[in-house]
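Okay, so here's the structure we're looking at.
The values are calculated or read from the model by the stated rules, or taken from the named source; none is laboratory data. Just so it is clear, the structure is predicted and the values come from calculations on it, not from any experiment. Cβ atoms come from the backbone with ideal geometry, glycine included; neighbour counts cover every protein chain shown. For accessibility, only protein heavy atoms count, side chains too; no ligands or nucleic acids. Shrake-Rupley method; radii C 1.70, N 1.55, O 1.52, S 1.80 Å.
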Amino acid sequence: SDGEFNAFKPAKLTTPTLVLYGDRDPGVVHEDAGKFFARIAATDRQLVVLPGADHAAQLEDTHDAWIAAIVSFLNRPPVRRS
């Protein structure tokens, strides 16, 4: 059930945000993920879709790509705030 996420308002999310999911995750509709990402208020945000990954990308053959995406996000250059 997605009910627990109904109270979450991406337009109020202003902290640096990484949205990461597998392209074979049966619980994620790609179009919905894109719409969700577009509504995030943070200017410092990144969307990563892991090819071949399912819902548990961190436990699958895609583990290294999952780790690399997180490390890359953490090591990215700082975003200048206006």
(request) Confirm whether Ala42 is small (Gly, Ala, Ser), open to solvent by 60 Å² or more (accessible area, probe 1.4 Å) and modelled with pLDDT of 90 or more. (result) no
(request) Kindly establish whether Ala65 is without any contact (Cβ under 8 Å) to a residue 24 or more places away in the chain, of a type outside the set (Val, Ile, Thr) and either within 18 Å of Pro10 (Cβ to Cβ) or outside any strand (DSSP E or B) (or both). (result) yes
(message) Looking at the stretch 9-29, can you tell me whether even one residue there is in contact (Cβ under 8 Å) with a residue 60 or more places away in the chain, surrounded by 12 or more Cβ atoms within 10 Å (Cβ to Cβ) and under 13 Å from the mean Cα position of the chain (by Cα)?
(response) yes
(request) Give the residue that is farthest from the chain's Cα centre (by Cα), with candidates limited to residues of the stretch 68-82 that are surrounded by 12 or more Cβ atoms within 10 Å (Cβ to Cβ) and farther than 21 Å from Ala11 by Cα. (result) Arg76
(request) Test each condition in (1) surrounded by 12 or more Cβ atoms within 10 Å (Cβ to Cβ); (2) among the small types (Gly, Ala, Ser); (3) part of a helix (DSSP H, G or I) for Gly52 and report the one that comes out false. (result) (3)
